[in-house]
Amino acid sequence: MNIADKYIQYVKTKTEAEPEKSWDKILFGFKANCLRTHFLPNKNITKGYQKLEDMMMNMVAESLSHKKSYIWGNIFAPCELIHSFGLNSLSIECLSCYVAGYHLEDFFIDFAQSLGFAPTLCSYHKTFIGAVESGTIPPASYAVTTSLSCDGNLNTFRYLQKKNHVPFTLLDVPYTDDEASVNYLASQLETMVQHMEEHLGRRFQLEKLKESLRIENETRKELIKFYELAQHYYYPGELIHQLYMMMGTHLLMGTQKFLDLIRFMNEEIQTYPPFTGKRILWIHLIPYYQESLKQYFNNSKKYQLLAGDIIFDFTDTLVPEDPFRSLARKLIKNVYNGSYSHKAQAIGKLTDMLHPDAVIHFCHWGCKQASGGSLLLKEAMKERNIPMLILDGDGVDQRNSHDGQIKTRLEAFLEMIVGEIR
């Protein structure tokens, strides 16, 4: 057991015994890991992924070190607006993954369930609620969530408002992309800005928002270029870097540092050899801890995860001079908004752009949309002659994922698309 593993076990033990006294220890580990990613990066991956990992670790650690520098959100909360206040957005999904790095997800989930939360509730939400309610994570000053994708968002944030006095804004996202719907949501965004100014004592910077949207447009162009190149070049990374990329495209979108990183990756990827294996498009959340998945996808020259669909949940161009209506359209046109048939069509278009050899759809425990709609997506992929595997598991709680079953199904699927397993 190395020093990092010993510290993780130490923090886990201390947190389970006295959760309200463990936050400084958890935060110290995050900061220490920042030093590790910066000075002792993983040599088996590209410099681009090294920089991405370092960027995500620093963003989370620096934000958590200064309580008034961040707000809570869900993954689809408009980070561009939040950045315009000089704040960071930390999604509850992100924070759940980070505390799970200490193997504390089971403790926090059980704690939440002891308060009466249902076993069928999303484990990301239960991990986060348990961490806050146990006294481990201190409450934020404000929170923003959306009605997108997850029906647990509203109840989770409403509970945190009632129990921990964290004011929040719910953005009710319409399903249809018409003028009335866009205006309705744009009005909510403007009201959110007013509420944040009142609660946080900070001034909203309109010009900063417009600049953020300009940078975001450039970033999206560079991202599309990167994934076009990834169809041809071997660019070694690990399973967790798909999670970091999802974080970057939702928590740091519109920032110059993230744009600079993607530009660097576009230059670097062209220095790598051609990729001759199978390219796989990942759908929905990613269980970054799953050993069988890591075995087959970490730095593999045979199977390369091309991208995750969440990275491309919106692909249009924003209009910086009309920022509120632009952000409203971005939320409305998100792949995860509306019926699953809409998502299936959007992913079909994504496969037309990325040309994957196969698709893997991960059905996360507690996510009704993923489980209920996966067969619709499989039919859409069948029409395009793209093989698709449906895996069941949990993005956070390892007790709900059976590695042996996943390994058996994954190997059979890979054998089908490649012809052999070495």
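The values are calculated or read from the model by the stated rules, or taken from the named source; none is laboratory data. Remember, predicted model here, so these are calculated numbers, not experimental data. All Cβ positions, glycine included, derive from the backbone under ideal geometry; neighbour counts span all protein chains shown. Just the protein is used for accessible areas: all its heavy atoms, side chains included, with ligands, DNA and RNA removed. Shrake-Rupley method; radii C 1.70, N 1.55, O 1.52, S 1.80 Å.
Summary table below
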| read-out | value |
| --- | --- |
| Which listed residue, of GLY130, GLY135, GLY116, is on the phi > 0 side of the Ramachandran plot and open to solvent by less than 40 Å² (accessible area, probe 1.4 Å) | GLY135 |
| Qualifying residue in region 164-171 (condition: assigned to a helix (DSSP H, G or I), open to solvent by 30 Å² or more (accessible area, probe 1.4 Å) and among the aromatic types (Phe, Trp, Tyr)) | no |
| Pair list, Cβ under 8 Å, 6 or more apart: region 182-203 residue closer than 18 Å to LEU318 by Cα and open to solvent by 70 Å² or more (accessible area, probe 1.4 Å), other residue part of a helix (DSSP H, G or I) and not aliphatic (A, V, I, L, M) | ASN183/ARG325; GLU190/PHE324 |
| Scan of region 158-181 for residues that are closer than 20 Å to VAL132 by Cα and either among the basic types (Lys, Arg) or without any contact (Cβ under 8 Å) to a residue 24 or more places away in the chain (or both), ordered by number | ARG158, GLN161, LYS162, LYS163 |
| Failed criterion for ALA61 (all others in (1) farther than 15 Å from PRO138 by Cα; (2) modelled with pLDDT of 95 or more; (3) open to solvent by less than 10 Å² (accessible area, probe 1.4 Å) hold) | (1) |
| Residue selected from region 353-373 under the condition in a helix (DSSP H, G or I) and in contact (Cβ under 8 Å) with a residue 24 or more places away in the chain, by the criterion most open to solvent (accessible area, probe 1.4 Å) | LYS368 |
| Qualifying residue in region 393-414 (condition: open to solvent by 10 Å² or more (accessible area, probe 1.4 Å), at pLDDT 95 or above and either under 22 Å from ASN74 (Cα atoms) or in a loop (DSSP other than H, G, I, E, B) (or both)) | no |
| GLY152 within 19 Å of the chain's Cα centre (by Cα), farther than 17 Å from LYS330 by Cα and open to solvent by less than 10 Å² (accessible area, probe 1.4 Å) | yes |
| Number of positions in region 38-58 that are part of a helix (DSSP H, G or I) and modelled with pLDDT under 95 | 2 |
| Qualifying helices (runs of 4 or more DSSP H) (wholly inside region 251-344; at least 2 residues being under 17 Å from GLY237 (Cβ atoms) and of a type in the set (Val, Ile, Thr)) | 256-269 |
| From the options ILE386, ILE390, residue that is assigned to a strand (DSSP E or B) and either in contact with a strand residue (DSSP E or B) (Cβ under 7 Å, 6 or more places away or on another chain) or farther than 19 Å from ALA307 by Cβ (or both) | ILE390 |
| Count of region 4-20 residues which are in contact with a helix residue (DSSP H, G or I) (Cβ under 8 Å, 6 or more places away or on another chain) and free of Cβ contacts under 8 Å to residues at least 60 places away in the same chain | 4 |
